[in-house]
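Have a look at the structure below, then the notes.
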Amino acid sequence: ISGGESLVSLSRGWIRPLIVQATRHVDRDAGDYWSEDERPLLITAWMHIVFGHFAMAPLLGEIFGEDPLSPANLERQTFFLRKLARMMMRASEG
């Protein structure tokens with residue numbers, strides 16, 4: 001993700017389809033809370049959150065003394081991300 005030969009194929013084959021799908025969900029669920037200009041920023045922030053967990057795994061492991069990529073921690077991270085996504089969209093309701 002920091003450049004190199006596989007960036008284009010990774011971007012077009014994997015990341016772009018995820019962004020298209022995320023954009024559809026945000027457009028459908030965000031209501032008036034997230035403006036059209038903010039929605040790409042919201043999706044970008046989400047990408048930082050998701051990828052950051054993996055990119056920072058060695059540092060997080062050192063800080064917290066456990067493997068952030070262990071099955072239990074990945075399950076906990078997945079639960080957290082789902083909760084955060086619901087909260088982000090719920091903010092648009094109220």
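The values are calculated or read from the model by the stated rules, or taken from the named source; none is laboratory data. Quick caveat: nothing in here was measured; it's all calculated off a predicted structure. Ideal geometry is used to build each Cβ from the backbone, glycine not excepted, and the neighbour counts take in all protein chains shown. All accessible areas refer to the heavy atoms of the entire protein, side chains included, with ligands and DNA or RNA removed. Shrake-Rupley method; radii C 1.70, N 1.55, O 1.52, S 1.80 Å.
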Note to self: Which order do the peptides 39-46, 81-88 come out in when sorted by mean C-beta neighbours inside 10 angstrom, highest first?
What the structure shows: 39-46, 81-88
Checklist line | Degrees between helix 71-90 axis and first principal axis of the chain (Cα, 0 to 90, nearest 10) | finding: 20 degrees
Next item on the list: Compute the accessible area per residue over the chain, keeping the other protein chains in place, probe 1.4 Å, unit Å².
Entry: 78 Å²
Checklist line | Residue among Phe51, Val26, Leu41 farthest towards the positive dipole end of region 19-59, charges placed on Cβ | finding: Phe51
Check: Hey, rough spin-label estimate for Asp29 and Ile63, points 7 angstrom out along Cα→Cβ, what's it come to in nanometres?
Finding: 2.6 nm
Checklist line | 10 Å binning of all Cα-Cα separations within region 1-49, expressed as whole percents from 0 upward | finding: 24, 47, 23, 6
Margin query: 7 Å from Cα along Cα→Cβ at both Gln77 and Leu10: what's the point-to-point distance in nm?
Written below: 1.5 nm
